[in-house]
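The values are calculated or read from the model by the stated rules, or taken from the named source; none is laboratory data. Everything numeric in this text was worked out from a predicted model, so none of it was measured. All Cβ positions, even for glycine, are placed from backbone atoms using ideal geometry, and neighbour counts span all protein chains on display. All accessible areas refer to the heavy atoms of the entire protein, side chains included, with ligands and DNA or RNA removed. Shrake-Rupley method; radii C 1.70, N 1.55, O 1.52, S 1.80 Å.
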Amino acid sequence: MSRVSKTAVWAVAVGFCSVVIAAPADATKSDPVIGGHTTITASPDITKLVDFLRAQGITVTAIGPATLANGSLTMPMVSGSMSVPSMHGVMDAEGGLQFKKGDRVLHVGQYILSHQGGDATLSALVSGRRVSQRRIVIARMVAPTVNMSDNTGTMTGGIELTAAWADLINQLLDKHVLSAGADLGDLSATVTVA
């Protein structure tokens, strides 16, 4: 090995070691999600949208084990991982919503609540006759609040529609009914880790 290549190897090795030594250990631990639930309570604007959909002959129903009652969608939390006490991580809910008119059906399910830093998003797998199956970030939480007690955490906050979700809804309805940033309502997630 030439003197230049030996020097380069040593420089890279020393640089790598100093990065490893300087990198702080993660002070939080990540635990598997073993239970809980997420509830989305619709805003008045979303309630009006659902009324509009019903007037157009579109039914909105829950996909089990989710439930839909009194303007709220509740889904069990079934998997994922979450850091304690920050609630940073990815938490998976089961169930969702079905929108149907005649033989046309749109499924919105497999919701995922992601929380990193101060940002939290809600995404879902969307599929239907006019929509190829894909994951879309539906909403962003506004100023999420986190409270942790032992192995159970609660995250609450308002949620706003993303441009991608508003555009898809407008496209499917062939009418502008929602805009990015529209108030979707409130989200409350209670999550238990192992």
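State to the nearest 20 debye the size of the charge dipole of the chain about its Cα centre, where the only charges are +1 on K and R beta carbons and -1 on D and E beta carbons.
720 debye
What is the percent carbon and sulfur in the accessible area of the chain, measuring with a 1.4 Å probe over the protein chains and ignoring ligands?
It is 58 percent, rounded to a whole number.
Which angle from 0 to 90°, rounded to the nearest 10, does the C-alpha axis of helix 44-55 make with the longest principal axis of the chain?
50 degrees
Per the helix-only calculation at 222 nm, which mean residue ellipticity applies to the chain, given -39500 (n - 2.57) for every DSSP H run of n ≥ 4 and division by its residues, nearest 500 deg cm²/dmol?
The helix contribution divided over the chain gives -7000 deg cm²/dmol.
Would you please put 67-80, 125-138 in order of how densely packed they are, using the mean number of other Cβ atoms within 10 angstrom per residue and starting with the highest?
Going from most to least packed, we get 67-80, 125-138.
Taking the solvent-accessible surface of protein heavy atoms with a 1.4 Å probe, what is the per residue accessible area of the chain in Å²?
Each residue of the chain exposes 55 Å² on average to a 1.4 Å probe.
Once fully extended, how much extra length lies between Ser114 and Arg135, figured as 0.36 nm per residue of separation less the alpha-carbon to alpha-carbon distance?
Additional length available on full extension: 6.3 nm.
Express in nm, to one decimal, how much length is gained between Arg54 and Arg104 on full extension, taking 0.36 nm for each residue of separation and deducting their alpha carbon distance.
16.6 nm
Let's see if you can work this out: charge +1 on each Lys and Arg Cβ, -1 on each Asp and Glu Cβ, no other charges. What is the dipole magnitude of region 83-194 about its Cα centre, in debye to the nearest 20?
Magnitude of the dipole: close to 580 debye.
Compute for region 100-194: radius of gyration divided by Kirkwood radius, i.e. Rg/Rh, restricted to C-alpha atoms, rounded to two decimals.
1.04
For Rg/Rh (Cα atoms, Kirkwood Rh), pick the label among (i) 0.93; (ii) 1.16; (iii) 1.03 that corresponds to the value derived from the coordinates.
Checking each listed value against the structure points to (ii).
Report, in degrees rounded to the nearest 10, the 0 to 90 angle that the Cα long axis of helix 3-22 makes with the longest principal axis of the chain.
Its long axis makes an angle of about 50 degrees.
Run the quick spin-label model on Ala194 and Asn151: label points 7 Å from Cα toward the beta carbon, then report their separation in nm to one decimal.
For the pair Ala194/Asn151, the computed spacing is 0.9 nm.
Taking H placed 1.01 Å from N in the peptide plane, check which residues at least 5 places from Thr162 or on another chain put their amide H under 5 Å from its amide H.
Long-range HN contacts for Thr162: Ala139, Arg140, Gly181.
Straight-line reach from Lys175: which aspartates and glutamates fall under 12 Å, measuring Cα to Cα and dropping same-chain residues less than 8 apart?
Asp167
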